[in-house]
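Q: Here it is, the structure in full.
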Amino acid sequence: MSLESVLQQVNDLSISSAIRENVNAFPILESLHVLGLAIVFGTILIVDLRLFGVAAHRPSAKRLTAELLPYTWVAFVMVAITGLLMFMSNPVSYANNTQFLLKLVIIAVAGLNMVWFHSTTYRRIAEWDEDMPPPIAARVSGAVSFILWVTVIFLGRWIGFTLETLFF
Amino acid sequence: MSISAFGEWLYATSVSTELREVTWIIPNIQTFHILAIAVVIGSALVTELRFAGVLATDRPAADVLRRYLPWMKVALIVLLLTGLILVVAEPARTLGNTIFWTKMALVAGASLVTLKARKSILQNDGVTEGENPPEASKALGWLMILIWCAIIFCGRFIAYT
């Protein structure tokens, strides 16, 4: 089965056509998507800046991360679900949109950056938990994460201006 | 001059026309608008959840507020400036739109509460330091989170009405 036919099958699902045909569905999905990404980026920003050496509301980087990460993840799940539903409403166009594909790649890179940080510098966090400035590896990780997430939001907004909205 | 006449005049100005015709301006302005929204939401979420007694309860509420208030101020200014450019580009879509004015009222209210009422906590933080905020402040914290959510919904729906 080709990718083309899979995309067409997704397009023909009843949930996909329901999103296309209900005038309020897409703006509601977009609003939830923006709300979710604001929480994802807003909380990540606080942690990124702390890793970079900008003080947050508590001295311990470990406690700050543990405190905010649950909110980031819950919001990320909401962003992923609403994003998937928007994709399903018009899969062929999204799959052919450069900004959309690039956005997915950058999100994956941001995920890898997080995995790398958690499996290296974060393991030794007891040694630098309240240090200011934090070690260079933590500062690099925070800066890289910040740049990647800003790029994701930038690409996301550009999808809305470049997507071919041919529904039928 | 009525609002709609003002909107028509604004639409016809060369600045407004330029903003619409140079295709990369609006998407990039909107991107900065969303980045600033994320800064406000992140800061407000932590601050208001602290007031609600959910987050960072081991830290004085005044300290948490003092940390994030400057971020919110800067982000609100960015939102105002980028928002102004978006209104100049599309006056009919915004100035004649009930949802737009609802959003403006909510933003004004939320900003006022954040910058004035919440700030009063900083003035007498000698008394409240380390203590839990009163019940009224807790309820207000939840209400503020709801208002910020409503503002985001209004913002997105402006494009569809």
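Q: Just add up the charged neighbours of B:S43: K/R +1, D/E -1, any other residue whose Cβ is under 13 Å from the Cβ of B:S43.
A: On the way: positive: B:R50, B:R66, B:R67, B:K73, B:R118; negative: B:E48.
Around B:S43, the charge tally is +4.
Q: I'd like to verify something in chain A: which complete DSSP H helices, judged by Cα projection on the helix axis, reach 30 Å or more and average at least 0.0 on the Kyte-Doolittle scale?
A: Details: long enough: A:25-52 (39 Å, 1.81); A:61-88 (39 Å, 1.30); A:98-119 (32 Å, 1.41); A:136-162 (38 Å, 1.53).
Helices meeting the span and hydropathy rule in chain A are A:25-52, A:61-88, A:98-119, A:136-162.
Q: What chymotrypsin sites (Phe, Trp or Tyr not before Pro) does the range B:1-83 have in DSSP loop regions with at most 16 other beta carbons within 10 Å?
A: For chymotrypsin sites (Phe, Trp or Tyr not before Pro) across the range B:1-83 that sit outside H, G, I, E and B with at most 16 neighbouring Cβ atoms in 10 Å, the list reads B:W24.
Q: Let me ask you something else. Quick one: in the protein assembly as shown, what % of C-alpha pairs are over 32 Å apart?
A: So the portion of pairs separated by more than 32 Å is 36 percent.
Q: Here's another thing I want to ask about it. Rounded to the nearest 0.05, what FRET efficiency do B:L122 and A:W73 have when you use their Cβ-Cβ distance and R0 = 25 Å? List each step's numbers first, then the result.
A: Details: r = 32 Å, r/R0 = 1.27.
According to the calculation, E is roughly 0.20.
Q: Based on a Kirkwood Rh over C-alpha pairs, give the Stokes-Einstein translational diffusion coefficient of chain B at 10 °C and viscosity 1.306 mPa s in µm²/s.
A: Reported coefficient: 92 µm²/s.
Q: Can you check what the net charge comes to around B:I99, using other residues whose Cβ is under 11 Å from the Cβ of B:I99 (Lys, Arg +1; Asp, Glu -1)?
A: Once all neighbours under 11 Å are counted, the net charge is +3.
Q: Note down the magnitude of the dipole of chain B about its Cα centre, charges +1 on Lys and Arg C-beta and -1 on Asp and Glu C-beta and zero elsewhere, to the nearest 20 debye.
A: 60
Q: I've got another one for you. Relative to the first principal axis of the alpha-carbon coordinates of chain B, what is the inclination of helix B:25-51, with its axis defined by its Cα atoms, in degrees from 0 to 90 and to the nearest 10?
A: Compared with the principal axis, the helix lies near 20 degrees.
Q: Given a Förster distance of 56 Å, report the FRET efficiency between A:V109 and B:W101 from their Cβ-Cβ distance, rounded to the nearest 0.05.
A: On the way: r = 41 Å, r/R0 = 0.73.
Result of the calculation: an efficiency of 0.85.
Q: Given all pairs of different Cα atoms, what value in angstroms does the Kirkwood hydrodynamic radius of the range A:3-162 take?
A: This gives a value of 17.2 Å.
Q: Write out the GluC sites (Glu not before Pro) in the range A:115-168 meeting two conditions: DSSP loop, and at most 15 other Cβ atoms within 10 Å of their Cβ.
A: In loop regions of the range A:115-168 (DSSP not H, G, I, E or B), the sparsely surrounded GluC sites (Glu not before Pro) are A:E130, A:E164.
Q: Quick check for you: which residues of the range A:1-42 have the amide N under 18 Å from the point 7 Å beyond the Cα of A:E164 toward its beta carbon?
A: In the range A:1-42, the label zone of A:E164 (backbone N under 18 Å from the point 7 Å along Cα→Cβ) covers A:3-12.
Q: Let me ask something else. Could I have the simple spin-label model distance between B:S4 and B:L143, label points 7 Å from Cα toward Cβ, reported in nm to one decimal?
A: Here the answer is 3.6 nm between the modelled labels.
Q: Would you mind giving the mean number of other chain beta-carbons within 10 Å of the Cβ of each residue in A:22-35, as a whole number?
A: On the way: counts 0, 1, 2, 0, 2, 7, 4, 1, 7, 8, 4, 2, 8, 8.
Counting Cβ atoms of other protein chains within 10 Å of each residue's Cβ and averaging gives 4.
Q: Could I ask something else about it? Along the positive direction of the dipole of the protein assembly as shown (beta-carbon charges: Lys, Arg +1; Asp, Glu -1; about the Cα centre), which of B:G53, A:S119, A:G83 reaches farthest?
A: Of B:G53, A:S119, A:G83, it is B:G53.
Q: Run the helix sum for the protein assembly as shown: -39,500 (n - 2.57) per DSSP H stretch of 4+ residues, divided by residue count, reported at 222 nm to the nearest 500 deg cm²/dmol.
A: -25500 deg cm²/dmol, from helical runs alone.
Here, each number is a calculation from the coordinates, and none is a lab measurement. Model, not experiment: these values are computed from the prediction. Cβ coordinates were reconstructed from backbone atoms using ideal geometry, including for glycine residues, and neighbour counts include every protein chain displayed.
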